[in-house]
Amino acid sequence: MSKTSFKTPQAIRGTQDIFGPEAEAFAFVVETFERVRKLYRFRRVEMPVFEKTEVFSRAIGETTDVVSKEMYSFEDRGGDSLTLRPEFTAGIARAFLTNGWQQHAPLKVATHGPLFRYERPQKGRYRQFHQIDAEIIGAAEPQADVELLAMADQVIRELGIEDVTLHLNTLGDGDSREAWRAALIDCFGAVKGELSEDSQERLEKNPLRILDSKDPRDRKFVGDAPKIDAFLSDDARAFFDAVTSGLDAAGVKWTRAESLVRGLDYYRHTAFEFIPDEGSAAAGALGSQSTILGGGRYDGLMESLGGAPTPAVGWAAGIERLAMLVGEKGEPAIEAIVLVEHDDGLVAANALLSELRAGGVVADIMATGSPKKRYDKAVKQNPKAILRVNETGYYGMSGEGENERLAAVLANRK
RNA sequence: GCGAUCGUAGCUCAGUUGGUUAGAGCGCCGGUUUGUGGUACCGGAGGUCGGGGGUUCGAGACCCCUCGAUCGCCCCA
């Protein structure tokens with residue numbers, strides 16, 4: 001490789017090149033999700049990575065941070081404003097409306113892939129990040145919430161992640177939520193001067209957010225703030241009760257989190273996050289980006305996209321964050337290495353290698369470098385068997401790793 | 001967008017209050033030894049010390065800017 005006069009371009013900030021054990025952990029998360037979603041009969045969908053900007057600005061809300069300062073938006077060559085998806089839900093809702101997926105309602109769908117948000121990267125937070133996502137669209141019953149949460153719980157358990165708890169709250173229906181919001185503005189507005197600067201701003205933009213502020217100046221008022229329960233309509237309360245009793249019946253452990261709210265405008269009723277328990281290994285591994293799965297009911301979303309009122313619930317989970325918690329996932333063990341001890345045996349070695357792989361044996365070949373050191377290099381990969389090939393062809397095996405597939409291939413050699 | 005820490009070989013890191021040709025381990029390549037074997041030893045390649053300015057007789061070390069990483073805030077998965 002000769003030196004060139006220009007510098008190699010760097011990767012984009014906040015993107016990752018995932019390799020080795022981390023890539024295996026990532027794949028493990030996706031594979032587990034795929035397996036579980038089939039058990040629950042969620043159908044696979046593939047969505048575009050970009051949409052018209054208004055899909056997100058209308059669905060998520062113009063005033064949210066996601067829309068106002070975190071989207072990757074650009075004008076395409078035709079002059080349309082497009083945006084790299086910052087989340088899945090808005091695009092899936094758009095697809096539901098534009099493809100006539102109403103005919104499939106209630107529709108259970110699942111997907112996964114990259115999302116983009118212009119944020120400051122830190123632990124568990126990237127500009128291109130990846131989520132697994134599940135949605136139930138066109139189902140108004142609390143049973144849908146229960147099923148969705150049971151699936152989330154099973155995904156996390158099958159990933160082997162422990163000490164994570166479902167934090168559950170209700171935001172009530174539209175009227176409940178508005179009344180609560182007004183009461184919170186009254187409550188916090190009275191002590192505005194004593195709140196943190198951030199919360200003084202939140203008071204106007206998103207007063208619910210003050211409830212989960214970490215600032216001690218805010219925390220002392222949060223305990224006495226009005227609770228959503230006081231504003232719930234009878235229907236909303238009955239809905240939440242049905243969700244919680246359904247979770248109990250499904251064996252999903254949960255805890256009530258009265259100050260849990262959602263940042264995006266479209267949420268109603270059920271809101272939830274799976275969060276590592278304080279002091280647990282998982283909490284330590286994640287740092288401050290502690291939510292590993294979050295979601296809720298978004299009955300108002302379809303209307304914001306110009307569709308008929310359509311109830312829906314969904315969640316998404318960050319694959320990177322989950323992958324940090326699943327532990328080391330080694331790459332698959334190598335079963336056989338074909339060791340070419342003499343270069344004249346290369347053809348025979350390649351024939352053997354093909355037969356091994358066709359026979360389902362995880363195999364590789366060692367044929368380069370100093371002939372005397374090939375064996376050392378092969379041994380370092382810790383294969384179960386080393387198949388020795390010299391100029392006369394295959395002549396013997398070292399190691400104890402013979403298994404049925406390997407034996408069958410050797411027995412059937414041409 | 002705000003704050004803090006950091007940026008030396010492919011990787012993990014040394015580098016003393018600024019002072020001759022910038023080092024180690026691992027990895028890589030080659031050799032000797034061994035010879036059904038992950039041994040030991042020897043040698044080699046590989047760095048304009050993230051980039052750009054500045055201070056100085058002299059900067060990897062000090063100052064400024066910039067890019068990036070990490071950890072918080074914010075936000076969120």
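The values are calculated or read from the model by the stated rules, or taken from the named source; none is laboratory data. If you're wondering where the values come from, they're calculated on a predicted model, not measured in any experiment. Cβ sites come from the backbone with ideal geometry, for glycine too, and all protein chains shown count toward neighbours.
So which residues in segment A:7-41 are over 16 Å from the mean Cα position of the chain (by Cα) and either more than 16 Å from RNA strand B (Cβ to nearest atom) or at positive phi (or both)?
Hits for segment A:7-41 are A:G14, A:G20, A:K38, A:L39, A:Y40, A:R41.
Would you please name the residue that is farthest from RNA strand B (Cβ to nearest atom), looking only at residues in segment A:205-236 that are aliphatic (A, V, I, L, M) and out of contact with any strand residue (DSSP E or B) (no Cβ under 9 Å at 6 or more places or on another chain)?
Among those that are aliphatic (A, V, I, L, M) and out of contact with any strand residue (DSSP E or B) (no Cβ under 9 Å at 6 or more places or on another chain), it is A:A230.
Scan segment A:232-290 for residues that are outside any strand (DSSP E or B) and at positive phi and jot them down.
As a first pass, look at segment A:232-290 and keep what is outside any strand (DSSP E or B): A:232-253, A:257-267, A:277-290.
Matches in segment A:232-290: A:G251, A:G279, A:G287.
Taking the residues in segment A:122-171 that are among the acidic types (D, E) and more than 12 Å from the chain's Cα centre (by Cα) as candidates, determine which candidate is nearest to RNA strand B (Cβ to nearest atom). It would help to see each step written out before you state the result.
From segment A:122-171, those among the acidic types (D, E) are A:133, A:135, A:141, A:145, A:147, A:153, A:158, A:162-163; that's our starting set.
Keeping just the survivors that are more than 12 Å from the chain's Cα centre (by Cα) gives A:135, A:141, A:145, A:147, A:153, A:158, A:162-163.
Values: A:E135: 13, A:E141: 23, A:D145: 16, A:E147: 19, A:D153: 15, A:E158: 17, A:E162: 17, A:D163: 16 Å.
By that ranking, first place goes to A:E135.
Regarding A:N206, is this residue farther than 20 Å from A:D235 by Cα and not hydroxyl-bearing (S, T, Y)? Before you say what the answer is, go through the steps one by one.
Details: farther than 20 Å from A:D235 by Cα: yes; not hydroxyl-bearing (S, T, Y): yes.
Yes: the conditions hold for A:N206.
Six or more apart or on different chains, Cβ under 8 Å: which pairs go from a residue in segment A:394-414 that's at pLDDT below 85 to one that's among the aromatic types (F, W, Y) and surrounded by 13 or more Cβ atoms within 10 Å (Cβ to Cβ)? Could you list them?
Hits for this filter: A:R413/A:Y394.
Are there helices (runs of 4 or more DSSP H) fully within segment A:1-100 with at least 3 residues that are in contact (Cβ under 8 Å) with a residue 24 or more places away in the chain, β-branched (V, I, T) and surrounded by 12 or more Cβ atoms within 10 Å (Cβ to Cβ)? List them.
Result: A:21-39, A:53-60.
Quick check on A:P114: is it modelled with pLDDT of 95 or more, closer than 17 Å to A:A317 by Cα and either surrounded by fewer than 21 Cβ atoms within 10 Å (Cβ to Cβ) or not assigned by TED's automatic domain parsing to the domain that holds A:V45 (or both)?
Yes, satisfied.
Which of (1) in a strand (DSSP E or B); (2) at positive phi does A:N169 not meet, given it meets every other one?
(2)
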